[in-house]
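J.: Below: one structure in structure tokens.
The values are calculated or read from the model by the stated rules, or taken from the named source; none is laboratory data. Bear in mind that the values here come from a model prediction, so they are computed numbers and not experimental data. For neighbour counting, all protein chains shown are included, and Cβ atoms are generated from backbone atoms with ideal geometry for every residue, glycine included. Please note that ligands, DNA and RNA were not included when accessible areas were found on the heavy atoms of the full protein model with its side chains. Shrake-Rupley method; radii C 1.70, N 1.55, O 1.52, S 1.80 Å.
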Amino acid sequence: MPSAPVNGTYYVGFATSHEGDDVLCVVPAEAYVPRPGTDVTLNVTVKFKHAQPCPYSDWEILVENPDNVRVVDETETELTDPYTAFKQYTVEVLGNGSLDVVFKYGSGCPYGTEERVTIRFYVGVPEGNVTSNQSAPTPEEVLNMTEVNVTGTVTAVDEVSRVVVVDNYTIEIRGKWTGPDGLTYNWREMLALLKPGESVEILASEEEGSLKADVIIIDGKRFTRG
């Protein structure tokens, strides 16, 4: 059985996105309400890699693609410190549905385009043994997930899944990259540089059970995400 609800609503898990340099974290990832018309609170945190204000200061937190939900209130975005932004949404759940929470990087920012998560809402009680909660690892903890250094031979490149397989490690390639020549590469261009059968060194971060590449070294040439 799930644990006790909060005012009749089960808040389950958290959702994070770390495609670029910054981290978006939303609590909860799912909410189960007792009846249609119930309000749910979403806590949204963005952790910046670079202190604010920055040269690309027109960044914003917003919601998109409401499905069977309605935003009834939102707070102003608050900088709690130079590296952290916080915003809160109140969402009326009309039925089973979803809502995207999005962080848009500032215009021209070279460190990312957007971070996006989909929050899901249900009428009823969750099945199985889930934990109802309103807390999550802090964005600092997300940024400092375990780092893994993988050195070996590229065995597969999958553009559909945006991953490279090095020996027994499957590593996601995300976002924009800067090469040793100062040029910028997107994830597709980086995957094209990774050839099956060739040796590579990758520094990756473990996040929610998957590995995401932060640094790729090919023939001594260093490519860095961001």
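J.: For the stretch 10-142, give the percent of accessible area contributed by carbon and sulfur heavy atoms, probe 1.4 Å, rounded to a whole number.
T.: 46
J.: By how many nm would the segment from residue 78 to residue 90 lengthen if fully extended, with 0.36 nm per residue of separation less the alpha-carbon distance? Write out the running numbers ahead of the final one.
T.: Details: separation 12, 0.36 × 12 = 4.32 nm, distance 1.60 nm.
The span from residue 78 to residue 90 would gain 2.7 nm if fully extended.
J.: Of all the accessible heavy-atom surface of the stretch 147-225, with the other protein chains kept in place and a 1.4 Å probe, what percent is carbon and sulfur?
T.: Values: 1950 of 4150 Å².
Of all accessible area on the stretch 147-225, carbon and sulfur atoms account for 47 percent.
J.: Shifting gears a bit: How far, in nm, would the chain grow between residue 127 and residue 71 when pulled straight, counting 0.36 nm per residue and subtracting the alpha carbon separation? Don't skip to the answer; put the middle values down first.
T.: Details: separation 56, 0.36 × 56 = 20.16 nm, distance 2.62 nm.
Here the answer is 17.5 nm.
J.: I want to check the label-to-label distance for residue 50 and residue 183. Put each point 7 Å from Cα in the C-beta direction and report it in nm to one decimal.
T.: Inter-label distance under the simple model: 2.2 nm.
J.: Further, regarding this structure: Under 28 Å Cα to Cα from residue 87, which lysines show up? Leave out anything in the same chain fewer than 8 places away.
T.: 47, 49, 104, 176, 212
J.: Largest first, what is the accessible-area ranking of 47, 195 with a 1.4 Å probe? If you can, show how the numbers build up before the last one.
T.: Working: 47 20, 195 100 Å².
My answer, sorted largest first, is 195, 47.
J.: Under a plain spin-label model, where a point goes 7 Å from the Cα along Cα-to-Cβ, how far apart in nm are residue 6 and residue 118?
T.: Using points 7 Å along Cα→Cβ, the separation is 2.4 nm.
J.: Can you tell me the accessible area per residue over the chain, all protein chains present, probe 1.4 angstrom, in square angstrom?
T.: Working: 11220 Å² over 226 residues.
About 50 Å² of surface per residue is accessible.
J.: Using the alpha carbon gyration tensor of the stretch 10-142, what are the three equivalent-ellipsoid semi-axes (square root of 5 times each eigenvalue), largest first, in whole Å? Please report the intermediate quantities before stating the final value.
T.: Numbers: eigenvalues 151, 45, 29 Å².
Output for the stretch 10-142: semi-axes of 27, 15, 12 Å.
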